[in-house]
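Since the structure comes first, as structure tokens, the remarks are kept for the end.
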Amino acid sequence: MAAASNLSTLSSSSLSKPSSSFPFRNTPTNNNASFLHNKSLPNQNSLSHKLSSPLPLACNPKNQNTCVFFDDEDQKPREECGVVGIYGDPEASRLCSLALHALQHRGQEGAGIVAVHDNHLQSVTGVGLVSDVFDESKLSRLPGTSAIGHVRYSTAGQSMLKNVQPFLADYRFGSVAVAHNGNFVNYRSLRARLEHNNGSIFNTTSDTEVVLHLIATSKHRPFLLRIVDACEHLQGAYSLVFVTEDKLVAVRDPFGFRPLVMGRRTNGAVVLASETCALDLIEATYEREVYPGEVIVVDHTGIQSLCLVSHPEPKQCIFEHIYFALPNSVVFGRSVYESRKKFGEILASESPVECDVVIAVPDSGVVAALGYAAKAGVPFQQGLIRSHYVGRTFIEPSQKIRDFGVKLKLSPVHAVLEGKRVVVVDDSIVRGTTSSKIVRLLKEAGAKEVHMRIACPPIVASCYYGVDTPSSEELISNRMSVEEIRKFIGSDSLAFLPLDKLKTLLGDDALNYCYACFSGKYPVEPEELQMKRLGVAHFNWDDDFNGNFESIDVGGWVTNQDGFKIGSV
């Protein structure tokens, strides 16, 4: 791939190269190709360029010739978090807070921002929603032209203030802050090794902190090479943003499990975020994805791109398109809205049924329901109205009150449902108890028939890449056939999106997605399996529907493939 004419390739002297012993796995033999292009940035106060630097061939997935806690209230898998980074804008922290608002759906337990001012990193973090954590007085304490931010939903580590990111640390060569979306499957062994061999002291129970220790203990001097060295030890999913006194750095794991995109504001400020919806809110133009295995460095000299580890077949999380991302986002190069609409159309073609009206389980089932209705030629109507103002039902004083959880969240529209044959479209079924309550709710409201259509294949396995799911024993599709599930939830018919049709829809990109939750085949085998067993935490599995309650760090660690015991319940 030829560089754009207005770009200059980094010379060997412009970036320190690793020694022959530096552990670059699968590094292309052409070192000049892996240390890509540098586009000069003007003064931070007059940034006006458009980013056009292409990815090195070795990292480009299109070029094949080169290198807990489960929210039991609505029973949906939970994304761990969202990240954002901004370089070169005098309102960096305020823009960061706005971008975090756009990413609030990715985590509601905590939020934080680290900003850089006069070569000093300042941090504000808090438990709760972005609007609860940040106000004008807090943001006024975060001046500077660079910042990173984070919204959190815990999958590794307890839900408490000390675990709220970004994490900020000082080490012998300066200060660094990091925000992480994903999950390291070898976190426990890395932490044990750091504690045993290096005497590292950990301040949190989050897996993200291990990255800071790996950077601090690296033998390499340049910060960029310290990050690369640290990532060489990590296994699993990670989309990371770092900020130092003079740099903004982004890293995406070689499989590209979690999304990360790059854009630019009209003043030239570079923006990195988990989803394009964050770019839209702060009026940044989407440029491209951070590619799997890519490290991007932004500083006063320009933008540098390094191929960390090339991987010809990324394994992007398909659930971003099914549930996690907002419909107005572009994720992995695809419109989430268009994907979900197509899912509904496939359901209408593959599993048609005589009906009078199509409704959705709001909000995540709406777009798929629109696709189903359009394909089936049946009107779409709002048969269920969702309340966005109900608090956490699990804290109510009695189980009898908690059982009203679905009715608190969803209200049936009798005029739409009464005497009708209803198709109700939802994005997924996890344990099945919420689906059964929804079916009962619709029939109590007068629906003559209720036909459930699920806009994803059956979920049969847990995720270990930054998504909070129950153990496989609790996944209803792992224990029951489709007909058995239908009887359990009480619907008149039930159909899931066929996995083969989903892959056909994705076309040439089908091999680039992870389907582990549908197949149990993991791209990166988790060495340390944390089983989320029934009864080990203080919550009620059957109390479903959107409770943003606090998790606890439970045990349940099992032996690895070599029979070495890595923990106990």
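Quick notes
- When the listed pairs LYS409/LYS437; LYS341/LYS420; LYS341/LYS375; LYS341/LYS409; LYS315/LYS503 are checked against a 19 Å cut-off, the alpha-carbon distance exceeds it for LYS341/LYS420; LYS341/LYS409.
- Simple spin-label estimate for GLU232 and ALA415 in nanometres, 7 Å along Cα-Cβ: 6.7
- ASP508 paired with TYR171, simple spin-label distance in nm, labels 7 Å along Cα-to-beta-carbon: 4.0
- Per-residue surface analysis assigns ILE201 an accessible area of about 130 Å², computed on protein heavy atoms at 1.4 Å probe radius.
- Carbon/sulfur fraction of accessible area - the range 79-314, other protein chains in place, 1.4 Å, %: 49
- Length gained on full extension, ASP118 to ASN328, computed as 0.36 nm times the residue gap minus the Cα-Cα distance: 71.9 nm.
- Between SER131 and ASN203, the distance separating the two model label sites (each 7 Å from Cα on the Cα→Cβ line) works out to 3.1 nm.
- Over the range 79-314, accessible surface divided per residue gives 29 Å², non-protein components excluded, 1.4 Å probe.
- Prolate/oblate/rounded label for the range 79-314 (Cα gyration tensor, a/c 1.5): rounded
- Heavy-atom accessible area order for ARG386, ARG479, largest first, 1.4 Å probe: ARG479, ARG386
- When peptides 114-122, 249-257 are sorted by average Cβ neighbour count within 10 Å, with the highest value leading, the order is 249-257, 114-122.
The values are calculated or read from the model by the stated rules, or taken from the named source; none is laboratory data. Since the model is a prediction, treat every value here as computed from it, not as a measurement. Cβ sites come from the backbone with ideal geometry, for glycine too, and all protein chains shown count toward neighbours. The protein model used for the area step is the full one, side chains on, heavy atoms only, and it has no ligands, DNA or RNA in it. Shrake-Rupley method; radii C 1.70, N 1.55, O 1.52, S 1.80 Å.
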